[in-house]
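The values are calculated or read from the model by the stated rules, or taken from the named source; none is laboratory data. From a predicted model like this one, the values you see are computed outputs, not experimental measurements. Counting neighbours? That spans all protein chains shown, and the Cβs are built from the backbone with ideal geometry, glycine included. For accessibility, only protein heavy atoms count, side chains too; no ligands or nucleic acids. Shrake-Rupley method; radii C 1.70, N 1.55, O 1.52, S 1.80 Å.
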Amino acid sequence: MGRKGVCCCCAALRPRYKRLVDNIFPEDPKDGLVKADMEKLTFYAVSAPEKLDRIGAYLAERLTRDVARHRYGYVLIAMEALDQLLMACHSQSIKPFVESFLHMVAKLLESGEPKLQVLGTNSFVKFANIEEDTPSYHRRYDFFVSRFSAMCHSRDPDPEIQNEIRIAGIRGIQGVVRKAVNDELRATIWEPQHMDKIVPSLLFNMQKIEDIDSRIGPPSSPTVGVKEENPSVLAENCFRELLGRATYGNMNNAVRPVFAHLDHHRLWDPNEFAVSCFKIIMYSIQAQYSHHVIQEILGHLDVRKRDSPRVRAGIIQVLLEAVAIAAKGSIGPTVLEVFNTLLKHLRISVDFELGDRRSSCESTTLSISSKESDERIVQNAIIQTIGFFGSNLPDYQRSEIMMFIMSKVPVLGTTSQSLDPSNLGDLGTRRIQIMLLRSLLMVTSGYKATTISNALPAPFLDPLLSPSLMEDSELRQLVLEILHNLIDRHDNRAKLRGIRIIPDVSDLKIKRDKISRQDVSFMKKHGQQLYRHIYLGCKEEDNVQKNFELLFTSLALTTIELANEEVVIDLIRLAIALQDIAIINEDNLPMFNRCGVMALVAAYLNFLSQMIAVPAFCQHVSKVIETRSVEAAYFLPETIFKDKSNLPKSLEKDETDLFFLTNKIAESLGGSGYNVERLSVPYVPQVTDEDRLSRRKSMVDTVSLQVDILSGCNIEDKVDNTEEITFEALKKAIDNNGLEEQEKEKRRLVIEKFQKAPFEEIAAQCETKANLLHDRLAQILELTIRPPPSPSGTMTMTAGHPHYHSVPVYEMKFPDLCVY
């Protein structure tokens, strides 16, 4: 009798490959594989590779029988023999043998015995590491994907066995990925039906990790012992490997199941695990595919736009982390899509916030504030994402994003594609304006343009300095801070923080370059807009200390970055005009505001005088400041902004020692070669059409008649007009109500001329027109009040005469024209 109780005669009649296979199995399975007979079987398989398929089939038959009979010792021997044959044989004939091998592995995985499942997994992993000479065009791994994924979710009551099965499942998935990716037909593993099983299985095990933060960052290389003992670490490494092998066409299939898993397990709030997942994704994929992940996050944000605020905030936070990593590499074509989607959700959040406020009027205050607080979390997350993304873009893209965001800001009187505030009301519009300006502030941070015209082009500057953005103190602060980011090209702003009298400006070590021709041209075209914004900003009643500090910084940065001799004169005219605001007080400002403006002027002229270093000018400014420190300390920033209780009851206009005087400044600058002729012309801010459309009280009402007359009295065009001039004709010509539409275009042309033409040309033309107007009015008055001639040829007029007036007609009807 031979081994296994088979008679020698029968054994001799059996095929040789069967005899060799039978001989590797000992009488007692505890003895293990018979190594000598295994070497014979291996030599036979290598010598006769055509017999490999039969060897495999027979081994599979024996293994199936042993599994069914629970003879697990022989099962272990059979799998060990299969593993050795796989490692030893590399030929075309190995394909049929592999099919038998995979069939046996499947049998082991289907069994309910954990040890057999682990055994089958180990064999499959060894097989996955073998590089086959030729691809297999018919082999699929659907069963193994399903089975290994199920093992990853093992719920065995024994923790050790559960851990062992999960590790086996993860290693099996890793083997499938490696084998499928290395095959020519590797695209099959990336099909959605496979990724929907593989990815959630890995994420399920990654959730069990204890220290998430320790894994954030580029892929690490844990020790072998840690890999084997910790399913979460093994799952993470498998997940990184999977993503690292993803290509352009299958990237989305690998990422979408992540969203499904996070949704199903409600992992967006809190979102620590979601953030860690997408950090792993962004660090693992190839950099050029980053925009695919960002697009998927944006798409999922759209899908979940009706969810709770905290869920949306969690998704946006994930987007922020992904953008932070992607901004260091390739962003792709998603730049505007990111901003457009985020701005859309910003509007949606404001809608929800205001809607909750209206619908919760009868609810408790706690519930209202809770909902508003949740929406504020969403809005802040959006702003942070916009700002961080924009600040990491290259300058050429950042300027486009600045224009794009500014076009979305609701600005009164503009036709930009802004976020429609029609249904939001004043509160909603203000919220949108503040949040977009905060986003813009973050985008402009660190932006260094070569010329100021690149940083502040007209389509950007006009809406930014719009009067509709001056109705609120916080809006004005944001606008000024944005201007600081764009104007300050030498990082001097930190040195100017806080409004104060600087004893020695040289100690600040201000950095500056020579003013370029482009910057000079910019100030000629747009300087008046900047001056006007500062001037009107000082007249607002709701100004606080921060507003005055930002206004001071604006003036100082303009001096450093953009001031030549002409701009210096304009800035001095502006400072004197600000002083007149506080002294004359036509706008009935509170005493704190008036003293704040006086302190602002003192701080700025002190800075300016030291910057241009004209001794006589410095002496005059220092003298006024010294006098104030003794007699009116409330006119200095160190006092007014620290002690608001010590305010004067009134400001005396005749206390000239406390004021900066135009004639003194002109005298001091004139001796140093400055052209001081324009200092004698008081600064008047330019007028815009938007001022007439603005809801806020506009200062231009005081000068509108002057502009109307200048625009409606083009003497040069009408000097040849021989039409009869009567009092009624003059009255009709000056009546603004009847000519509003006709004068609109003329007014625009005059405004444009005042913005772009040189000052000397405007002054000369205005003087000429004023003289001609005066002569023409005299002619008209002479015609209208002249009495009939007396018979003696002389002209007499008494108090009873119909043409007699105790006051001249032009003084009685048009007192504003007396200035001419």
Please calculate how many Å² of accessible area region 48-122 carries per residue, with a 1.4 Å probe and no DNA, RNA or ligand atoms counted.
-> 41 Å²
Stretched fully, the stretch from Asp426 through Arg155 gains (0.36 nm per residue minus C-alpha distance, one decimal, in nm) 91.8 nm
Förster radius 56 Å - calculated FRET efficiency between His265 and Thr451, Cβ distance, rounded to 0.05 = 0.60
Could you do me a favour and compute the accessible area per residue for region 562-675, 1.4 Å probe, result in Å²?
-> 42 Å²
Please calculate how many Å² of accessible area region 476-542 carries per residue, with a 1.4 Å probe and no DNA, RNA or ligand atoms counted.
-> 46 Å²
Roll a 1.4 angstrom probe over the protein heavy atoms and tell me the percent of accessible area of region 383-535 that is carbon or sulfur.
-> 49 percent
Sticking with the crude label model, points 7 Å out along Cα→Cβ, report the distance from Asp657 to Arg16 in nm, one decimal please.
-> 12.7 nm
Which of the peptides 501-511, 430-440 is most tightly packed, and how do the rest follow, going by the mean number of other Cβ atoms within 10 Å of each residue?
-> 430-440, 501-511
Looking at the square roots a ≥ b ≥ c of the eigenvalues of the Cα gyration tensor of region 490-596, which shape do they give, rounded for a/c under 1.5, prolate if a/b is larger than b/c, or oblate?
-> oblate
Expressed as a percent, the accessible surface of region 12-125 that is carbon or sulfur, using a 1.4 Å probe and the full set of protein chains, is 53 percent
